[in-house]
Amino acid sequence: MPAEKICVARIGAPHGVRGAVKLWPFTADPLAVLDYGPLSTKDGKRSFEVETAREAKGHLVATLQGVVSREDAERLNGIELYIDRDQLPPPEEGEYYHADLIGLAAVNAADEPIGKVLAIHNFGAGDIIEIAPLQGPTLLLPFTNAVVPTVDIAAGRVVIELPAEIEGDDPAQADI
Amino acid sequence: MVRSVWKGPFVEGSLLKKADVARSSGRHDVIKIWSRRSTILPQFVGLVFGVYNGQKHVPVSVNEEMVGHKFGEFSPTRTFHGHSGDKKAKKA
């Protein structure tokens, strides 16, 4: 089941004395948080409009509407900001939002359960899908057509074909 | 200090053999390796290696841009778990 609300940023410590805050974005493009309009808390009771934002080291320095002093900014520290899933534009063919994939059931070609999708990673060498099996440690698999031939978000499942592994020489097993 | 050019790139010998086996098999096998210090060579392009990070073997799909780098660069030993945000994944 895809998430209905998606966390796009977290408010951090205040920056300066005029109400600016550090904003830690979770979007692919850090400045994309400006494109989604007002951002709300998870319960939807409070919303914040980002007025200005500039990039700093690993985060943004942003001003929020109605926050004019450092004391106001300090009170917001740690608040996570969400948007509705509907606000995201439709992905291109063959692309999937991480938020849509996380939580889907992982099954094999015979429709037997393997586990569920825990996370999607990218460490610079292709997307990796992390599966939490029914028992035991998690599996890290390449997100390719060969290993993940079917992604059915509507049905809430991904089909996984576990790849064969060629064992290397484990240095821990070698005679020293 | 950089490595002398006359020595050539360092690659664990066993890794070359495993790459040959994977390439000849024609399947999408993952080659489990522990040698994070080995250099990625042009003949590894298109193969998938499972590079050990101290806990797990992280899948590394080798492409042309990765040639000359070390395997360990693509298998971080410390992971940050953040929110997914609007990030997208594309099937290769």
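The values are calculated or read from the model by the stated rules, or taken from the named source; none is laboratory data. None of these values were measured; they are calculated from a predicted model. Here Cβ is always computed from backbone atoms with ideal geometry, including for glycine, and neighbour counts include all displayed protein chains. Heavy atoms of the whole protein, side chains included, go into the accessibility calculation; ligands, DNA and RNA do not. Shrake-Rupley method; radii C 1.70, N 1.55, O 1.52, S 1.80 Å.
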Hey, A:Ala146 hydrophobic (A, V, I, L, M, F, W, C) and modelled with pLDDT of 90 or more or not = no
Output the residue which, of all residues in segment A:143-167 that are open to solvent by 50 Å² or more (accessible area, probe 1.4 Å) and not in a loop (DSSP other than H, G, I, E, B), is nearest to B:Ser35 (Cα to Cα).
-> A:Glu165
Among the residues of segment A:11-18, is there at least one that is of a type in the set (A, V, I, L, M, F, W, C), under 19 Å from B:His81 (Cα atoms) and either surrounded by 14 or more Cβ atoms within 10 Å (Cβ to Cβ) or not assigned by TED's automatic domain parsing to the domain that holds A:Val158 (or both)?
-> yes
So which residues in segment A:90-107 are in a loop (DSSP other than H, G, I, E, B) and modelled with pLDDT of 90 or more?
-> A:Ile102, A:Gly103, A:Leu104
Is at least one residue of segment B:44-51 under 23 Å from A:Val158 (Cβ atoms) and open to solvent by 70 Å² or more (accessible area, probe 1.4 Å)?
-> no
Evaluate the following for B:Gly54: is it under 30 Å from A:Thr150 (Cβ atoms) and away from chain A (no Cβ under 11 Å)?
-> no
Within segment A:118-142, count every residue that is more than 21 Å from B:Arg78 (Cα to Cα) and either open to solvent by 40 Å² or more (accessible area, probe 1.4 Å) or within 9 Å of another protein chain (Cβ to nearest Cβ) (or both).
-> 2
Across segment B:62-92, the tally of residues that are over 23 Å from A:Val8 (Cβ atoms), open to solvent by 30 Å² or more (accessible area, probe 1.4 Å) and either of a type outside the set (S, T, N, Q) or at the interface with chain A (Cβ under 7 Å from one of its Cβ atoms) (or both) stands at 11
All positions within segment B:21-35 that are in contact (Cβ under 8 Å) with a residue 24 or more places away in the chain and crowded, with 17+ Cβ neighbours inside 10 Å | B:Ala22, B:Val30, B:Lys32, B:Ile33, B:Ser35
Checking A:Ala119 against (1) over 23 Å from B:His81 (Cα atoms); (2) in contact with a strand residue (DSSP E or B) (Cβ under 6 Å, 6 or more places away or on another chain); (3) of a type in the set (Gly, Ala, Ser), which single condition isn't satisfied?
-> (1)
